[in-house]
Structure formats: C-alpha cells, structure tokens
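Notes follow once the structure below has been shown.
Derivation of every value follows stated rules applied to the coordinates shown; laboratory data play no part. Here the structure is a predicted model, which means the values were calculated and not measured. In this analysis, Cβ positions are derived from the backbone assuming ideal geometry, glycine residues included, and neighbour counts consider all displayed protein chains.
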Amino acid sequence: MIDLKKPAEPAASDIPTEGAALSGSGKEMSQEEIDKITTEIVKALKTVYDPEIPVDIYELGLIYKVDFDDGYVEVEMTLTAPGCPVAGEMPIWVENAVTDVEGVNKTKVNMVFDPPWTPDRMSDEAKLELGFM
C-alpha cells in the first residue's frame, strides 16, 4: 500500500513488500521493482488535472490511498468539492492513467469524501502555484 496522507513522493518504507508480486511473474517484487512502480504510479497520477485548477490531483492532495498487488491497483481519491462538475469523469481519467503504467493490469478508483478535502492537503508546490503561500 502507498498511503498518501500528504502529497509527497512515497518512501519505499510506505509500501509492504511481503507477498507483493509482479503481475503474472509469480515472484516476489524486489525493493527496486516496488520503487519503480511506485514512481510510475505517482507520475501517472500527476498527469491528471482538475480542469478548473491548474495543479495536478496528486499535488492537490486528492489522492488518499493507493494499494497495489499483483498488477491490480486500487485508488482512494476525493474531490475538492462533492459537487465538482467532473466528478463522474475524473475517476475514469485516474483509472486510465494508472492502468497505462507498466506492470498494472487493472485499476479501480473509489471516490471517498471522508475525511473531506481541505487546502491543508495540498503540497507546498500546489500552495505556491495557487497563491496560498
């Protein structure tokens, strides 16, 4: 699991290695493989933007949790507001972006609203970009 309480590059220690395997490989993942897929998933998440805000959803702090196991990724995310006009589309954008990562075969995105998003979840980069700093 990659637990993304605050937007930041996840540390290798945030990801359990016990029992993790590359999809279809039947072998344990090395720390190097875990670090690589983690980096690639984060890069993929950073390609998705809220169309009303010029900052990617990862830096905005909209991604709460990412789990991956044997090629399957499950993402918990939220929106800046429940009435977001792209609420129905954004999970599809996230699913498509993450599924394009090598080693990922299937992605499921769960929309959650607890805890509610606040600007405190934004990275310093996002706060600077949006004039919060």
> Simple spin-label model, 7 Å along Cα-to-Cβ: THR118 to MET133 in nm?
Replying inline: 1.9 nm
> Under 20 Å from the 7 Å Cα→Cβ point of ILE53, by amide nitrogen: which residues of the range 102-133?
Replying inline: 109-133
> CYS84 to GLU32: extension gain in nm, 0.36 nm per residue of separation minus the Cα-Cα distance?
Replying inline: 15.0 nm
>> Which of LEU130, LEU79 has the fewest other C-beta atoms within 10 Å, and how do the rest follow up to the most?
In response: LEU130, LEU79
> Under a plain spin-label model, where a point goes 7 Å from the Cα along Cα-to-Cβ, how far apart in nm are ILE92 and ASN105?
Replying inline: 2.5 nm
>> Within 11 Å, Cβ to Cβ, of GLU95, how many net charges do the neighbouring residues add up to if Lys/Arg are +1 and Asp/Glu are -1?
In response: -1
